[in-house]
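A.B. asks: First, the structure itself, so that you have it in front of you.
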Amino acid sequence: MNRESVRDEILKMNNPNILLEIATGVGKSKYALDVMNKLYPNTNRIKNGILIVIYRNILEEGWRDEITKWGYQKYLPYVEIVNYKSLHKKAGSW
């Protein structure tokens, strides 16, 4: 599949709980942001926030930069970024 086909397939998903595990450089961040925008076109519909799980803390700033780069700044107040090692601390709240 090419990049656009992958994006189209992801956007067809109607479940709000989506896990993307895709190779580096394919566009995971953009796909995730597109899904976020599809599910929550209006931020007033966001109830619990948006959880982004990353491999290492050093990637957090990159995610914030990507959100801004693609014009999704309105979501920043609702986004919580956590790494895999700290994910257990969120148990019960997500």
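The values are calculated or read from the model by the stated rules, or taken from the named source; none is laboratory data. Bear in mind that the values here come from a model prediction, so they are computed numbers and not experimental data. All Cβ positions, even for glycine, are placed from backbone atoms using ideal geometry, and neighbour counts span all protein chains on display.
A.B. asks: Might you let me know whether segment 12-19 holds any residue that is loosely packed, with under 12 Cβ neighbours inside 10 Å and modelled with pLDDT of 85 or more?
C.D. replies: no
A.B. asks: Let me ask another. Can you tell me which residues in segment 25-53 are without any contact (Cβ under 8 Å) to a residue 12 or more places away in the chain and part of a helix (DSSP H, G or I)?
C.D. replies: Lys28, Asn44, Arg45
A.B. asks: Let me ask you something else. Check off (1) of a type outside the set (Ser, Thr, Tyr); (2) free of Cβ contacts under 8 Å to residues at least 24 places away in the same chain; (3) part of a helix (DSSP H, G or I); (4) out of contact with any Ser or Thr (no Cβ under 9 Å at 6 or more places or on another chain) for Leu76 and give me the number that stays unchecked.
C.D. replies: (4)
A.B. asks: All but one of (1) at pLDDT below 75; (2) surrounded by 10 or more Cβ atoms within 10 Å (Cβ to Cβ); (3) under 22 Å from Leu87 (Cα atoms) hold for Trp63; which doesn't?
C.D. replies: The failed condition is (1).
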